[in-house]
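The values are calculated or read from the model by the stated rules, or taken from the named source; none is laboratory data. Every value quoted in this text rests on a predicted model; they were computed, and no experiment measured them. Note that each Cβ is placed from the backbone with ideal geometry, even for glycine, and that neighbours are counted across all protein chains shown. All accessible areas refer to the heavy atoms of the entire protein, side chains included, with ligands and DNA or RNA removed. Shrake-Rupley method; radii C 1.70, N 1.55, O 1.52, S 1.80 Å.
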Amino acid sequence: MSLIHQKLYQDNNVSVIDMPTYINELITYLKEMFVSASWIYFEQDVAPVQLDVAQAIPVGLILNEVIINSIKYAFDQNDNGRITVSLRATDDHHLVLIVSDNGKGLPDKFNAFESRSLGMSLVTELVKQLEGSLKFLNDGGAKMIVIFPYDEIRINSKAAGPAAEYAN
């Protein structure tokens with residue numbers, strides 16, 4: 001949240017957050033915070049989206065929680081770890097946020113909605129706040145997919161791209 005507040009005071013437009021810049025800064029901050037993450041490669045595929053603060057804050061908190069979980073639990077030391085963050089349009093009114101890693105994957109029968117973990121409870125509540133849907137998969141590691149409505153599209157026309165396949 002402090003990164004969002006910093007962005008608000010630095011930019012002329014205090015009502016929107018430039019998500020590619022924000023996500024890059026969040027990842028940089030998390031890499032610096034976790035010395036153990038220095039050997040993890042982070043890949044970003046973020047459309048040139050500007051989100052209203054009311055959506056940027058929950059998206060940032062979701063990213064923070066899920067990326068930290070990947071850093072802490074997905075890999076053994078020097079595993080050639082990779083964490084990918086994607087934010088793309090699925091259509092003119094929805095965005096899809098995907099965080100995936102190539103680590104150990106999720107526990108058998110994992111259900112974020114039944115988890116007693118404070119972090120997963122936070123993620124599920126933040127997705128509800130976004131009026132979105134949440135899915136976790138084992139797909140060569142753990143994968144989280146959040147689809148949420150977005151009214152004022154400020155992205156280029158090529159942003160729908162491959163993320164559209166997750167709309168269903």
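If you roll a 1.4 Å probe over segment 84-156 with all protein chains in place, what percent of the accessible area is carbon or sulfur?
Numbers: 1840 of 3940 Å².
Result for segment 84-156: 47 percent of the exposed heavy-atom area is carbon or sulfur.
Return the FRET efficiency for the residue pair I68, S15: r is the Cβ-Cβ distance, R0 is 22 Å, and the value is rounded to the nearest 0.05.
Plugging the Cβ-Cβ distance into 1/(1 + (r/R0)^6) gives 0.20.
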